[in-house]
Every structure is written in structure tokens, then in C-alpha cells.
């Protein structure tokens, strides 16, 4: 429940108007038919243009399961016009797109600081700052911040997940 409170605090800070938290057990949720159906319903209801999640090569078990959950839901969803944007958490993405975040980085750092539980493990703000400074320097030359994303359509996403998971 503490992690849900953190997410609520961050959403409030960022002005998120439609936050839906599922209260699945942190580090222990499973990709069940019920959870797949719940996500399918959400995708069909919201019809998002963009779906953000950590890239599949991230080793955190919840991040891996989130990718597999999205794949299962996309297989049965009627809404399939989204773009899947995979971002970096603990692993590098094979970037197809970059977003300059220089003007927003201070607010991002403030939002990240509202997650005290993960901040006890590592200084994730500094980790993000160094990574995004590197991306900006590499892509645009000079000082600034940029996030890297791997962007694909749902069909490509499913192909990647099936290949990664050995699913055919």
C-alpha cells in the first residue's frame, strides 16, 4: 500500500487527472486471465495513442511481467492503433526516438523524489540525470537532458515479446 500512496502523491504533483491503480502485489503479481482481461478492457475503453512501459530487457520482474501482460492484452484488444513506447529504467533501450527533457528535468527530479522507497535503494535521480545527459550529448551535442525510447506499433511489439519469451 505504501507504493500506491507514492504513486498517488506523484500523480497529484504532476497533475494527472485520471489515475488508475490496480493494487497488484509489488514484485509478485502474475499475468492471469483476469488481469489480462482487465487490461484489455482498459485499452478498449481509453484507446490510448501511446502506451509507455519499461523495455523488455529490464531485469525487474514486474517490468518483464508488464511487457508480457501488455502483449497478452493487445492480442485480444479491439483497439490496436497505439504506439508502444518502451523507456529505460535499469537497462538501455535500442533507441528509435529521443525526447529532450532539459526544461522538465527539475520537475522530473522532484517527482522522482516523491518515491522514497526506491530512493532508499539507489539515487535514481542522479542515475537518470547522468543517463539523460549522456543521451543529450550523444544525440544533440552539448549540455542538456534527453530520454531515449524504443517506439513500435502493437504488431511489432508482439513480435518482439514472442521472440523474447519463446512464444510462437
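Throughout, read-outs are computed from the coordinates displayed, never taken from laboratory work. Note that the structure is a prediction, hence the values are computed from the model and not measured. Cβ coordinates were reconstructed from backbone atoms using ideal geometry, including for glycine residues, and neighbour counts include every protein chain displayed.
Counting only alpha carbon atoms, the long axis of helix 61-76 and the longest principal axis of the chain meet at about 50°. Matching the structure-derived volume of the Cα convex hull per residue in Å³ against the labelled list [x] 275; [y] 135; [z] 122 gives the label [z]. The simple spin-label model puts a point 7 Å past each Cα toward its Cβ; for residue 79 and residue 32 those points are separated by 2.4 nm.
Can you show me the helix-derived [θ] at 222 nm for the chain, built from DSSP H runs with n ≥ 4 at -39,500 (n - 2.57) apiece and divided by the number of residues, rounded to the nearest 500. Show your work: numbers first, answer last.
Details: 7 runs with 85 residues, N = 168.
Here the helix-only value at 222 nm equals -16000 deg cm²/dmol.
Counting only the backbone N, which residues of segment 3-32 are under 14 Å from the spot 7 Å out from the Cα of residue 87 toward its beta-carbon? Inside the label zone: 7, 10-11, 14-16.
Taking every alpha-carbon pair under 8 Å whose residues sit at least 6 apart, the chain reaches a relative contact order of 25 percent. Between residue 143 and residue 14, the FRET efficiency from the beta-carbon distance, with R0 = 30 Å, is close to 0.75.
Compute the long axis of helix 124-140 from its Cα atoms, compare it with the longest principal axis of the Cα atoms of the chain, and write down the angle in degrees, 0 to 90, nearest 10. Its long axis makes an angle of about 80 degrees.
How many percent of DSSP beta bridges within the chain run antiparallel, rounded to 5? Provide the component values of the computation, followed by the final result.
Numbers: 8 of 13 bridges.
If we restrict to bridges inside the chain, about 60 percent are antiparallel.
Between 0 and 90 degrees, the angle of helix 33-46 with respect to the longest Cα principal axis of the chain falls at about 70 degrees. Neighbour counting of Cβ atoms within 10 Å sorts the residues 79, 136, 97, fewest neighbours leading, into 97, 79, 136.
The label point for residue 155 and the one for residue 102, both projected 7 Å from the Cα toward the Cβ, are 3.8 nm apart. Going from the fewest other Cβ atoms within 10 Å to the most, the residues 81, 96, 101 appear in the order 81, 96, 101. Put in line by how crowded their Cβ is, counting other Cβ atoms within 10 Å and starting with the fewest, 13, 29 read 13, 29.
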